[in-house]
1. For the stretch 19-30, state whether one or more residues are in contact with a strand residue (DSSP E or B) (Cβ under 8 Å, 6 or more places away or on another chain), in a loop (DSSP other than H, G, I, E, B), surrounded by fewer than 15 Cβ atoms within 10 Å (Cβ to Cβ) and modelled with pLDDT of 60 or more.
2. Can you tell me which residues in the stretch 103-148 are over 30 Å from residue 201 (Cβ atoms) and touching a strand residue (DSSP E or B) at 6+ places or on another chain (Cβ under 8 Å)?
3. Which ones in the stretch 53-71 are farther than 20 Å from residue 123 by Cα, assigned to a helix (DSSP H, G or I) and either in contact with a helix residue (DSSP H, G or I) (Cβ under 9 Å, 6 or more places away or on another chain) or touching a residue at least 40 places away in the same chain (Cβ under 8 Å) (or both)?
4. I need the helices (runs of 4 or more DSSP H) fully contained in the stretch 103-201, keeping only those with at least 2 residues that are modelled with pLDDT of 95 or more, touching a helix residue (DSSP H, G or I) at 6+ places or on another chain (Cβ under 9 Å) and at negative phi.
5. Might you let me know whether the stretch 79-89 holds any residue that is modelled with pLDDT under 90, part of a helix (DSSP H, G or I) and touching a helix residue (DSSP H, G or I) at 6+ places or on another chain (Cβ under 7 Å)?
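The values are calculated or read from the model by the stated rules, or taken from the named source; none is laboratory data. Remember, predicted model here, so these are calculated numbers, not experimental data. Cβ coordinates were reconstructed from backbone atoms using ideal geometry, including for glycine residues, and neighbour counts include every protein chain displayed.
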């Protein structure tokens, strides 16, 4: 039963994110103060993923752990564990807004943050010589639980470019003259996107 509920939740998460996806990060609409944001585990299921599911799940687990660390100091962020998500009631089958509302009801939060990992590819090579660079992409969406309204969205999609292409980029200060791993790339993307969310105190 737990597996079925989790699977249903993943389908709803995918539908929610595909319904509000944009090619680039959006600014906030009317700022809705949130007392609490339920941050769901990162999901990977769906037709829009373009990496092997085993790799994506590894990336999703890493992304979820990084979000847990990054949001630990945010008083209004409440991480939902995979075990908690698996215990949610079957109310989530009511559709996107119904699912968001059900998550809000069961967590006591009026905001729900969903993240969907689409691509996760490790570099092929070393820090200083690669045949293929690290690459990752994900989507985030923050919903107002009572109505299912989208409050904020962000996309991240990057394949590390060569040093010459990045020599004048601010990213060089973080990465130096080396090829980073996909986890380093994913971590930087998560930090940047969460750092730009106006609802996280």
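1. No, the stretch 19-30 has no match at all.
2. 119, 121, 123, 124, 125, 130, 131, 132, 133, 134, 135
3. If the condition is that a residue be farther than 20 Å from residue 123 by Cα, assigned to a helix (DSSP H, G or I) and either in contact with a helix residue (DSSP H, G or I) (Cβ under 9 Å, 6 or more places away or on another chain) or touching a residue at least 40 places away in the same chain (Cβ under 8 Å) (or both), then 64, 67, 70 are the ones that fit.
4. Passing ranges, in order: 182-195.
5. Yes, some residue in the stretch 79-89 is modelled with pLDDT under 90, part of a helix (DSSP H, G or I) and touching a helix residue (DSSP H, G or I) at 6+ places or on another chain (Cβ under 7 Å).
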